[in-house]
Structure formats: structure tokens, C-alpha cells
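Scroll down for the structure; my scribbles are underneath it.
The values are calculated or read from the model by the stated rules, or taken from the named source; none is laboratory data. The shown structure was predicted, so the numbers you read here are calculated from the model rather than taken from an experiment. Here the Cβ positions follow ideal geometry from the backbone for every residue, glycine too, while neighbour counts run over all protein chains shown. Accessible surface is based on the protein model in full, side chains and every heavy atom, while ligands, DNA and RNA are left aside. Shrake-Rupley method; radii C 1.70, N 1.55, O 1.52, S 1.80 Å.
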Amino acid sequence: MASRLLGLVREIVAAALFGASNEKAAYVIGYYLPFFFQRLLLGGTLSIVFIPTITEYLTRGDRAETERVTAIFFNLILLLGAAMVLLGEVLAPWLVRLAAPGFAAQGLVPLAIDLTRIIFIAMLFLALATYAAGFLQAHQQFTVPALAPLLFNLVIIGGTLWLGPRIGITGLAIAWVGGTAAQFAVQWPAMRRAGFRYRPLLHLRDPAVGKFVRLAVPAMLGLAVLEVNAYVSRFFASFLPPGPGVNAVAVLDYAYEVMHAPVGIIAVSLATAVFPTLARQAAGQDSAGLRATTAFGLRLVLVLILPVLALVLALADPLVRLLFQRGEFTSSATTAVAAALRGYTLGLGAVAAYYIITRAFYALQDMATPVKVGGGMILFNAGLAFLLMRPLGATGIALATSIVNVTNAALLLWLLRRRLGTFEGRRTFATGARAAAAAALGGLAAAGV
């Protein structure tokens, strides 16, 4: 929770210094391109595949073998991360033009390329930090991995406040490099205490590496689906003509960050906490326990996220004004971001439930099902975004994303139920109905006020 709140403070600082301007839009692309490849090749794949793999070795009780395998993975991540940075530096001009073709008409391509190259350096540290978090979570240690993003955000906030007024938006990119380095460094002592011992091992034919690769490939495809869906919004938004101090790419980024803050506080936190348990239950073929844990996670997510959904819909304008409208962030930017926020928030419940549902599939080492479902969502998302952006602009793109998120989560939930059998369906539905009714009352009261 503290990490997400600090992340929101980070966005508030950026908004005050750079608003929803063209420069901020260039930074959005400069940030998301490296993050796409880091999450696809290392970060997201690690968090999905690494924990079940290491948990399996820990369950066997063979400490020496666990230390050997974790050392091999660490060196593999180090080399892959360095290669990713090198390729990013070389390919940045082509990546920017592919991700935001509309930037050419706005003259933003050179700035976006420079920012992309700077932030690519941070991706190596972020991959190592994700490895460290996965290692500690597999050992049932959650405190340090949870506190590490606090330092990450604090370094970025401090670096932005110091460098932003001096060198502009480039200072925000440099602060990102410092934040990711700090996030890894603070977890290193805890890794050592948990039993990590660095050894210069890199056995690519090791059975553990082979299994990791077999699980990682479909996981990467699944993450590619998610990330490409995220990029669909920015791709189409780059074609929308910017207004005075309001660029659609920056507008969607601010709205998405506000919408995703409660997802991170509630859904991601819960999914992170239950995933090792789900992995252990799946490894022990405890189907009843797996069903119960998944159902509990869904109920808790619904109870906590539905009131947030209702309140954000009712209070979007004053919320955005309170958070961002200062400095370079104008009232016209507030109006645009609030409208996009409402579009994104309509799918908030589905986004939160998705994190629990997919963790159940990943615990079962079924990476293919989310990939197959998500693959169809890409074309659905692109078609909807293209249709809705014409009459509704950035808000239409956000609304398309929500429709796709609801459809995606509903299909995955149906498939999971077929896989596991009923997982307390009546109880979960009743809980969701009561939470929705209470949320509606809260939203109506807030709108009235």
C-alpha cells in the first residue's frame, strides 16, 4: 500500500513539473518501451515462473541443490539483462517509431529516443530486483520485497525534484535508473540471510534451466499479450492531435496510473501473497485447497475493489484535480484525465480479479490458457479502440480497454471453473452482490455530496 501511494506521489511530482505536455508524452513512450521488453523477457516471466520452480526445490529439502540452481538463474538473468540493455540502445530509434508513429508529426521522436535509451539501462537493475523479490517470496519472506519499492519510489521522487528543474524531463529518466539500482541493492542483504550464495555457474543444459525455459516461453507469450494490449492504447493515442498542454498519450498514462493504484494496493498485494500458497497446493495436488484459496482471493478482491470503483466514478474530477492540478498541470488536463479515468475505471473489478485468476493458472503451470484467451483480446482491443477514439478521443480508447478487460477476465474465470470444478461459486457471487450494492450506495452518496 505504501509503495503504491508513493508511486502516486511520484506521478504527482511529475505532473507538477511536466503536466500532460508533449514532453511527458515522449517520456511515457520512453518508459513503456524498455519496460515492455524487461517485463516480457525477464521481470514478469521471473515473477510467474521462478517462484513455482524454486518452491519445488525448496519442498524437496535439498539445500545444496537449491543454492546451485538459484546461482545459475542469477547469472542467466544478469547476462540476459545486459544483452537486453545493449539491444535497446541500438534499436531505440526503430522501436519508438513503431510504438508511437503519430509522434513523427508532433516532432517528439528524437526526445522519445533519448529517453528510451536512458531508461533501458534501468531495466537490468529492475530484472535483478525482480529476481531478488522472487527468491525471497519463495522463501516466504515478504517484508523486504515489499519495502524495496518504497526506496525505489523515494529515489525517483528525490531525483526528479532535484534534476527535473535543472535538465527537464531527462532528469526523470535518470532518476529511474537510480531508483531501480536502489531497489535491487536493498534486497541483497536479505537474499544473503535467506541462503543465497553467489557462484559463477551457468549450466544452460541443467534440467532446472530446461524446465524454466519450457514454462517461460508460454508465460512470455501471455505477458506479450498483456503488454501489446497496453500498447494498443498508446499506439492509437499517438495519432490524436494534442491540445494546449494536453497530449492524449500523457492523458491516458495519468488516468491509467490513478486507476491502477488501487489495483496495486489491493489485487497485486493479495495475488503476491497467495501465489506461493497456490503454487504449493498445486505442487501437492491439493485441488480442494487450490479452489478454496482462489475463491477466497476473489471474494476479498471484490469486497475491497468494488467500493473503490464506485467512488472513483463519482469523484473522478475532484480526485484528479486534487492529485495533479498544480504547476504545469492545467484545468484542461484535469478534464481530459478525469474523463479517461472514468473509462478505465469501468473495468477496474475485472482487472483486479484477473490477477487472482491468472495466478491460479500459473500455479497449475498452465501458461497457455491465458495466452490463448489474451491473443484474441489484442484484435478485439485494437478494433474497439479504433472505433471509439473517433467520437470519444482518449476516453474512447480507455473505454475500449475496460470492455476488453471485462471480457478477458470473464472468459478466464469460466475456463478456470471448468478446470477446477466449482470453487464456492454461490458464496463468491453472494459476496460480490452485497459488495456491489454497498458500493453503489457509496457512489451515489459521493456523487450527491
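Among the residues making up region 352-372, those that are open to solvent by 20 Å² or more (accessible area, probe 1.4 Å) and either in contact with a Pro (Cβ under 9 Å, 6 or more places away or on another chain) or part of a helix (DSSP H, G or I) (or both) are Tyr354, Tyr355, Arg359, Gln365, Asp366, Ala368, Thr369, Val371, Lys372.
Looking at region 1-86, the helices (runs of 4 or more DSSP H) lying wholly inside it that each contain 1 or more residues that are surrounded by 21 or more Cβ atoms within 10 Å (Cβ to Cβ), of a type in the set (A, V, I, L, M) and at pLDDT 85 or above sit at 2-18, 22-38. For Leu223, the conditions (1) under 30 Å from Phe18 (Cβ atoms); (2) at pLDDT 70 or above all hold with the exception of (2).
Pro101 meets each of the listed conditions (1) surrounded by fewer than 17 Cβ atoms within 10 Å (Cβ to Cβ); (2) assigned to a helix (DSSP H, G or I) apart from (2). Every condition in (1) in a helix (DSSP H, G or I); (2) buried (at least 23 other Cβ atoms within 10 Å of the Cβ) is met by Thr277 except one, and the failing one is (2).
Could we say that Thr330 is closer than 18 Å to Arg234 by Cα, β-branched (Val, Ile, Thr) and either in contact with a Leu (Cβ under 8 Å, 6 or more places away or on another chain) or open to solvent by 50 Å² or more (accessible area, probe 1.4 Å) (or both) here? No.
Assessment of region 384-395 against the conditions (under 30 Å from Asp317 (Cβ atoms), among the polar types (S, T, N, Q) and either assigned to a helix (DSSP H, G or I) or open to solvent by 50 Å² or more (accessible area, probe 1.4 Å) (or both)) yields at least one matching residue. Selection over region 120-146 of residues that are assigned to a helix (DSSP H, G or I), over 20 Å from Ala71 (Cα atoms), open to solvent by 10 Å² or more (accessible area, probe 1.4 Å) and in contact (Cβ under 8 Å) with a residue 60 or more places away in the chain gives a count of 1.
Taking the criterion of being within 17 Å of Arg342 (Cβ to Cβ) and open to solvent by less than 20 Å² (accessible area, probe 1.4 Å), the residues of region 402-445 that qualify are Ser402, Val404, Ala439, Gly443. Scanning region 401-427 for residues that are part of a helix (DSSP H, G or I) and farther than 17 Å from Tyr354 by Cα yields Arg426, Arg427. Taking the condition part of a helix (DSSP H, G or I), open to solvent by 60 Å² or more (accessible area, probe 1.4 Å) and among the basic types (Lys, Arg), does Arg117 pass? Considered against the rule, which asks whether it is part of a helix (DSSP H, G or I), open to solvent by 60 Å² or more (accessible area, probe 1.4 Å) and among the basic types (Lys, Arg), Arg117 comes out as yes.
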